[in-house]
Structure formats: C-alpha cells, structure tokens
Amino acid sequence: MDYLTQLTGTSQILHSATATALLPHSKLAVKLTVSSSRFVRRGLPFRAVPGEPSPYNPPAWPLSCERSTLSSSFPPSITSQFTASLTRRDILSPTIARFAFLVSSPSSSSVCGNRDEGKEEGKKLQWQPGQHISLNFAPELDIGYAHVRDDDPGSLNDDFVRTFTISSPPAPRRSPEDGDNASKIPSVVELEITARLHGPATALLFKHPVGRVPLDIPVLGVGGEERLRVTSSANPEDDDPNRGSGAKSVFIASGVGVTPLLAQAPSLLEKGLSVEFEVFWTIRKEDLGLVKDSVERIKGLGERVRLFVTGVTAAGDSEGGLDSSSNLVRSLKTRRMRREDVLGDGMAGKRKYFCCTGPALKKELDGWLDGEDVAWEDFGY
C-alpha cells in the first residue's frame, strides 16, 4: 500500500553508556518519542528503485526491555570484576578453534587461600553448563568514533562485546566437606570456548600470538537460562515427572551449536548416572575436526552421536576424515537431517528436544517438532 506515515514528537541522540542501556550492542542511538501519528494515502511523491544496498545497514538488535535475559547476562556482582587471559588455542578446523582462558579477579592473588567462603566465592567466576560468557573486546579493537569508515563499515556502531557459550564444565565449588582442602580451590579458574571464525573479535583470537604477547579481555558477565541443561534421572533436584520413566533427551545441534552440550556431557556420562540422551549433529565436511576432538575428549559421547555431514560429493565420500569419523560415532550419514531422523527416536510425550542450530535448520525444526517439548537456543544474545 502506498502510505506515508507522518510522525510528530521529539528526538534525542544517545551515545556511549546511555545508548547501550537502551539499545544493547550500540554506542550511538536516536530515541524518538512519538506524540501523534497520521497515515497519508498516496503521500509519497516518488517511486523508489532498488539499487545497491548500503554497507552501513546495522543488524537489528532488540531493545533492552525486549530481552529479559539481557539484564541477567550482566549481573552487577561480577561486572568488570574479572579478566580473561588467553592461554591456549587449538585449531580444530579451518574456521573453528577452541580457546582456553584463565579468568581471575584483579585481587585474586590476595584472596588465594582465604578460607572465608563468602569472600572466596565472591572472587571466583562461576557458571552452569550451557551458560555463556560476555567478553569486552573494545580495549583491543575499538579505535574511536567515525562518521563513515568505508574500509570497515560494520565497525561504526559496534561495541565489540561478544558472547560465547562456555564449552568446558563448571569450575569446582567449595563445600563443607572440603575442610582444610577448601583453601586449595583456586580463585583463578580456566574456562574454554569453542568458536567459529566470524568478525573482528574471533579474528583477533585466531591470529593473536599466544604465549608471546598477553591478551587480557574484560569479562562483562555470565548469563543464560537453564533451558538447555539436560537433567539426570539420578538427580534428586529434577522435578520433571517424566524423568526416570522411560523419558529421553534429544539434543539437536548444527556446527558449533553443540557447545552447550560439551560443557555438561562429561557429568552426564559419569559412571553411575543413568541418563537417556541422544545427539543429532549436522556439520560440514571441513569441520569434522570438531567432531573428532569432541568425541575423543569426552569418553562415551560418540556412542550417543548420530552425525549428518553436508558438503560431501559422491567422489569424496571417503575423503576429508569421513572414514575415520564414522568409527567414532554411532552413525554417520552424508546428507542433511530429515524429519524422520529426529522424530524416530524415543516416544512422543516422553522425550524432550534441546535445539541449538542456525536459522535455516531452526525453521525446519519448528515444523517438525510441532507439539513436542522443545527448548531452543538461537545465539541471539
């Protein structure tokens, strides 16, 4: 319809922290307060002709009030209190790597050995399996304000805050049974993230000379809901009435979307825990190194994985590690995932799906899993 919307109101230019508080991930925003509006039929005196898209179109970010989880992602208790120091980089595929960080507070050295539980626990970063960490790369990448930047238009309104799922199990916590050994629990903890090369922040992590030049990244917070946590039937805190009665958890992942599972798989597979879960994992052929690394590091995981490899030609079925990978997982198919694959496991009404995929597969899963119990993660932090 050829309508022109006429708005009456006031405008306000916001910058720095004021802009970020209203529109996360932005350093500059225009706030419009509309007092009245009017639709004018045939109000446009011209007709637009499609042309070359502007390179300065920013991504669409939700307002802080539209994402209730954003506030929990940056709890005041740990904001700016921790620093993550890059200590190791393991290249798993041409575009995927695992990065290890030592996370400490500025005063961690002064509280090491402190037996006061409140003080020590307040100085040690903690997380739950499946949660994510927000890192501030601005001190390394931000070169200040510019009106235009033709060489890198995407950086104009970038706050260089990046959020990654933590792919390592949580650090040990103190308990009353620790006794004198409680002082040996370090306030400096190690965590890992597994990330794909995409944008300036991950490019920095991929190219930084680890071990020669320090790279310290401020930690803004740890957040994320518990919806992607697979529970154990042996867990007395599990309040799911279906657990322990033939229920099964089905984890569906694409590429690095498997990271929420990597953090909790070791505890799920521990001897004595009876957890019924399967993993449907689709991945590109060139990223098979991630699969090999994951199933070799986490004993027993490969027996739960049904792998779907894309990008395989008929002439290359035995190339690129496919033969060796097929021996590491429960099954391997060189095709895309199908509806009958994900619905053929478990009993309807006694299974729960945990999905962490890209937009294309998520759209298909929305239709396939209609009526099922599903928990989603879309990485839209």
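We did not get these values from a lab; they are worked out from the coordinates using the rules stated. Values in this document were obtained by computation on a predicted structure and should not be read as measured data. Methodologically, a virtual Cβ is constructed for each residue, glycine included, from the backbone with ideal geometry; neighbour enumeration extends over all protein chains shown.
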- Task: Can you tell me the relative contact order of the range 248-377? Whole percent, Cα pairs under 8 Å, sequence separation 6 or more.
- Result: 30 percent
- Note on the structure: Amide H contacts under 5 Å for Glu276, restricted to residues at least 5 apart in sequence or on another chain and with H modeled in the peptide plane, are Ser233, Ser249
- Task: For a footprinting-style exposure proxy, rank Arg338, Arg47 by other Cβ within 10 Å, fewest first.
- Result: Arg47, Arg338
- For the range 9-20, 3J(HN,Hα) per residue [Karplus equation, 6.51 cos²θ - 1.76 cosθ + 1.60, θ = phi - 60°, Hz, x = Gly/Pro]: x, 10, 10, 9, 8, 10, 9, 6, 4, 5, 5, 5
- Arrange the following residues from fewest to most other Cβ atoms within 10 Å of their Cβ: Arg229, Arg284. Arg284, Arg229
- Note on the structure: Exposure-ranked with fewest Cβ neighbours within 10 Å first, Lys123, Lys333 stand as Lys333, Lys123
